[in-house]
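Structure, as structure tokens:
The values are calculated or read from the model by the stated rules, or taken from the named source; none is laboratory data. Quantities reported herein were computed from a predicted structural model and do not represent experimental measurements. Neighbour counts are summed over all protein chains in view; Cβ atoms, including those assigned to glycine, are modelled from backbone coordinates with ideal geometry. For the accessible areas, the whole protein counts, side chains as well, though only heavy atoms, and no ligand, DNA or RNA atoms are used. Shrake-Rupley method; radii C 1.70, N 1.55, O 1.52, S 1.80 Å.
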Amino acid sequence: MTKTKRNILCIEDELHLRQDIIDELTTAGYRARGAADGRQALAMLDSERPDLILCDISMPHLDGFGFLDAVRARHPDLADVPLVFLTALHERESVIAGKLAGADDYLVKPIDYDLLLATVKARLDQVSRMDKKTERDIAALRKALSVPTAERRSGIERILDMLSFGVLIASRSKITFANQAAKDMHQAEDGLVLGGTLRVGSRVSSASLRALIETACAASARGEDYLASLCIPRRSSPQDLLLTVCSPPEPADAGPQDNLAVVFISDPARRPEVSNVILSDLFGLTPTEAEVASALAGGRRTDEIAQDLAISATTVAFHLRNLFDKTGTRRQADLIVLILTGLASIDPAQTASKRAAAP
């Protein structure tokens, strides 16, 4: 079986040097393409994804620092692609500036081609190790989801109790599970009442919520995706509670009695404590993908996520497709459960440590 060649983009305004680098990379077994400056490279990124970028710093039209800023703004999906700066400026300040700008490595001209090839290989090997770790994590999560329902539910309930937003699992006639945050909201008598069924605010709001839960249960019975939201007034704050109702993924061993709905209860004034750092580690996500995944796990709709992150609905849909590809899921409900199940495998102390280390 032929191994796919890794794609390297070389951005260098000196024609002969650019061609020499491309020749060295091609001889070493890579597929290399060149760009004369940052603007030309940005145009190329609209149609292809490199595995690594070599970029000169001093270039006309758009220099290396400007190119890196533009890539971070226009192509957040390339955040995991290594970028190595090439420059004739070997002073300590230049090295520091390159690192602070977000470059992954730094090579000084005149180019030592043995060092260049070693740097390229090391950076690509690092990406491969991260990709393999992600594959192992996802495989482990798939295995966790394949265990008997009772055992799986125990692990999921444990992590649900660690979350700061409320989570309920309900059938058409009763609540089958409420996490600790939801129970705390009930105890606070702040617009949410947990009894045999879920009651909120007025009779009209409760009736609307029951209708959403029944629709989600019906969608679950058909194996379909469903997501809807409802705002509930409360006494303690002028900001309403946000309730998001969705159909859960349908387990392989589920029967008609297992048709349930999941209700997420969140406070718009507080971000859910789903660590983007943990999500990135678990699933190999870019920073923006982790933001979108965190918001989904917190019960936000895609239009609300677009507003929260100040991006277009089309961009959210793009990141959502990437999330489906990286997690092997096809529906938002499957993705949410996979995220929460993945978090269940993280030790609480480790989660707190990573959250504290996050910027």
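Taking 0.36 nm per residue of sequence separation and removing the Cα-Cα distance, the LEU309/ASP184 pair yields an extension gain of 42.1 nm.
Think of a 1.4 Å ball rolled over the protein heavy atoms: the range 1-94 then has 52 Å² of accessible area per residue.
The relative contact order of the range 1-97 comes to 28 percent, based on Cα pairs under 8 Å that sit 6 or more residues apart. Sites listed here are GluC sites (Glu not before Pro) in the range 1-102 whose DSSP assignment is loop and whose Cβ has at most 10 other Cβ atoms within 10 Å: GLU48, GLU91. Across the range 172-180, coupling constants 3J(HN,Hα) worked out from phi with the 6.51/-1.76/1.60 Karplus curve, θ = phi - 60°, read 5, 10, 7, 8, 9, 7, 9, 6, 5 Hz, and Gly and Pro carry x.
Full extension of the chain segment joining ARG222 with GLU93 gains 40.3 nm, where the gain is 0.36 nm per residue of separation less the Cα-Cα distance. Restricted to Cα atoms, the range 1-103 shows a radius of gyration and a Dmax of 13.4, 46 angstrom.
Spin-label pair LYS132-THR4: with each label point 7 Å from Cα along the Cα-Cβ axis, the two points sit 1.7 nm from one another.
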